[in-house]
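Shown next, in structure tokens, is the structure this report addresses.
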Amino acid sequence: MKYEKLQAPKGVREYLPPESSAFEWVRENLIAPAKASGYKLMELPVFEDTSLFSRGVGESTDVVSKEMYTFEDRGGRSITLRPEGTAGVMRAVIEQNLDRGQLPVKVWYSGQFFRAERPQAGRYRQFYQVGIEAIGLDDPAIDAEVIAIADQGFKNLGLKNYRLEITSLGDSQSRAAHRVDLLKFIGGLDLDDATQSRAAINPLRLFDDKRPEMQEKMAKAPLLLDYLSEESKSNFEAVQRYLTAMGISFVINPRMVRGLDYYTGTTFEFIHPDLGAQSGIGGGGRYDGLMEILGGQSLSGIGFGLGVDRALLAAIAEKSLPESEFSSDLFLIPLGDSAMESALTIAQELRASKVSVELAFGDRSLKGAMKAADKSGARYVVVLGDSELEQGAVSLKRMSDGVVTSVKIAELKRELSERSSR
Ligand code: HAM
């Protein structure tokens, strides 16, 4: 009987060798600045009660209204695969009383998120984010630090072509004042029913409507940035001052609308123009009411989520991936049984001193093994046969230019550690 081949579900991104090394490198480099700033790991479930997201992320959002993977579990509970990370972090912080301890609570996370969007380049149904949240401190300095951490992540990848857009959604007083005028303005527009009901839940969402006729209609709409209270204004100015002091360039985009409803105050997005329609490589902002909505005390927080899949696409587009870092330092080819025994021990010793070594296994011809060495991308190749073992010396071949140096086996460790740190 012949079985049909199976395929991964539609819109799911998966990473296999050799590309997975680049993915891993991107993920680790994006999150490194958070670790260097005192953020600690939070490892959370990928599924939660559905109400966490409908309450936390907001019913007016596409994410909640159209894109959630929701199902009933065997106990009849409504469960949703997490579409984003902030709500889950908040749930855990409240549940485990972290908000009763030292503030701010500073955590980072990384993992898969799920949104049933229409798949296209850079937009997947299962995608990967790294993110941070700083909860319990309302201070423009931490807003600036959070943005700087994201920015450093992208800089770590060698990215240059992205831009940082920031705005402020102000405090509740600013938003209330703006809402009155915005609703008045929207009331004068001729809108279809679906758009009207979206506007009724969150009128700001109309700024995000991609249809040209809607963009035209909204061109003269009042902007929240013009309604900021004195406090919100000086807060936003402080964020800008801090960013400038840190040498982080940004543009103010007063029409920015984030895809999730919990944002207040400072909000930001990182845009990479080389990625076409899915150009958002990361985004975040402050969320004043979220903890309260989720049953906790009234504490503010700020954070971001960075798209690892898209950051990888950006690094590919900018050719900033250090391909050579993804391969081993040495490919070791033993000829014969006794050579294999020595090769295993030599490799073990080298690896213990952080030199990465791949061994050639099996009965391959020398030619076949050399081909495998070449394909592996390893920086150096050594062939280990009886004569090398007798002499206690090998020929170390540098693969980039074929240059061969004779090195004592006992000296291999020093030689390779020195060369790989160069
Ligand atoms: P978000 O803007 O919805 O924010 O997502 C953050 C990033 O995840 C986006 O900028 C994008 O790079 C990536 N992303 C989102 N959807 C997809 C998709 N379908 N395929 C590929 N990449 C995608 C949040 O999720 C917030 N939780 C961020 C945050 C944390 N705000 C405050 N704290």
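The values are calculated or read from the model by the stated rules, or taken from the named source; none is laboratory data. Quick caveat: nothing in here was measured; it's all calculated off a predicted structure. Backbone-built Cβ (ideal geometry, glycine too); neighbour counts: all protein chains shown. What goes into the accessible areas is simple: the full protein's heavy atoms, side chains included, and nothing from ligands, DNA or RNA. Shrake-Rupley method; radii C 1.70, N 1.55, O 1.52, S 1.80 Å.
Points worth noting:
- Test: residue in the stretch 92-100 that is within 12 Å of the ligand (Cβ to nearest atom), among the charged types (D, E, K, R) and in contact (Cβ under 8 Å) with a residue 40 or more places away in the chain: no
- Between Leu350, Leu321, Leu312, Leu344, the distinction of being under 30 Å from Tyr15 (Cα atoms), surrounded by fewer than 16 Cβ atoms within 10 Å (Cβ to Cβ) and among the aliphatic types (A, V, I, L, M) belongs to Leu344 only.
- Taking the criterion of being in a helix (DSSP H, G or I) and within 24 Å of Thr267 (Cα to Cα), the residues of the stretch 171-184 that qualify are Ser172, Gln173, Ser174, Arg175, Ala176, Ala177, His178, Arg179, Val180, Asp181, Leu182, Leu183.
- Which numbered condition Val180 misses (of (1) more than 18 Å from Leu260 (Cα to Cα); (2) open to solvent by 30 Å² or more (accessible area, probe 1.4 Å); (3) in contact (Cβ under 8 Å) with a residue 60 or more places away in the chain): (3)
- Only one entry in Phe154, Phe113 is touching a strand residue (DSSP E or B) at 6+ places or on another chain (Cβ under 9 Å) and under 24 Å from Val64 (Cα atoms), namely Phe113.
- Any hit, the stretch 311-323, residues being within 18 Å of Ile135 (Cβ to Cβ) and either touching a Pro at 6+ places or on another chain (Cβ under 7 Å) or within 16 Å of the ligand (Cβ to nearest atom) (or both): no
- Cβ pairs under 8 Å, 6+ apart, first in the stretch 310-337 and farther than 12 Å from Phe23 by Cα and among the acidic types (Asp, Glu), second within 16 Å of the ligand (Cβ to nearest atom) and open to solvent by 50 Å² or more (accessible area, probe 1.4 Å): Glu318/Asn161; Glu318/Asp274
- Filtered by the rule that a residue be farther than 21 Å from Ala352 by Cα, outside any strand (DSSP E or B) and among the charged types (D, E, K, R), the stretch 383-413 gives Asp386, Glu388, Glu390, Asp401.
- Enumeration of residues in the stretch 115-135 that are more than 8 Å from the ligand (Cβ to nearest atom) and buried (at least 21 other Cβ atoms within 10 Å of the Cβ): Val130, Ala134, Ile135
- Every condition in (1) modelled with pLDDT of 95 or more; (2) closer than 30 Å to Asp151 by Cα holds for Asp181 except the one numbered (2).
- Helices (runs of 4 or more DSSP H) contained in the stretch 1-106 and holding at least 2 residues under 16 Å from the mean Cα position of the chain (by Cα) and surrounded by fewer than 17 Cβ atoms within 10 Å (Cβ to Cβ): 19-35
- Looking across the stretch 324-341, the residues that are open to solvent by less than 40 Å² (accessible area, probe 1.4 Å) and under 39 Å from the mean Cα position of the chain (by Cα) come down to Ser327, Ser328, Asp329, Leu330, Phe331, Leu332, Ile333.
- Residues located in the stretch 298-309, provided they are part of a loop (DSSP other than H, G, I, E, B) and open to solvent by less than 20 Å² (accessible area, probe 1.4 Å): Ser300
- For the stretch 305-340, the candidate set comprises residues that are of a type outside the set (A, V, I, L, M, F, W, C) and touching a strand residue (DSSP E or B) at 6+ places or on another chain (Cβ under 8 Å); within that set, the residue that is farthest from Ile281 (Cα to Cα) is Pro334.
- Lone unmet requirement of (1) farther than 14 Å from Pro45 by Cβ; (2) more than 12 Å from the ligand (Cβ to nearest atom); (3) open to solvent by 40 Å² or more (accessible area, probe 1.4 Å) for Ala144: (3)
- Just one of (1) outside any strand (DSSP E or B); (2) under 17 Å from Leu294 (Cβ atoms); (3) among the aliphatic types (A, V, I, L, M) fails for Ala116. It is (2).
- Pair list, Cβ < 9 Å and 6+ apart or interchain, from the stretch 1-22 residues that are free of Cβ contacts under 8 Å to residues at least 40 places away in the same chain to residues that are surrounded by 10 or more Cβ atoms within 10 Å (Cβ to Cβ) and assigned to a loop (DSSP other than H, G, I, E, B): Ala8/Glu14; Ser20/Glu14
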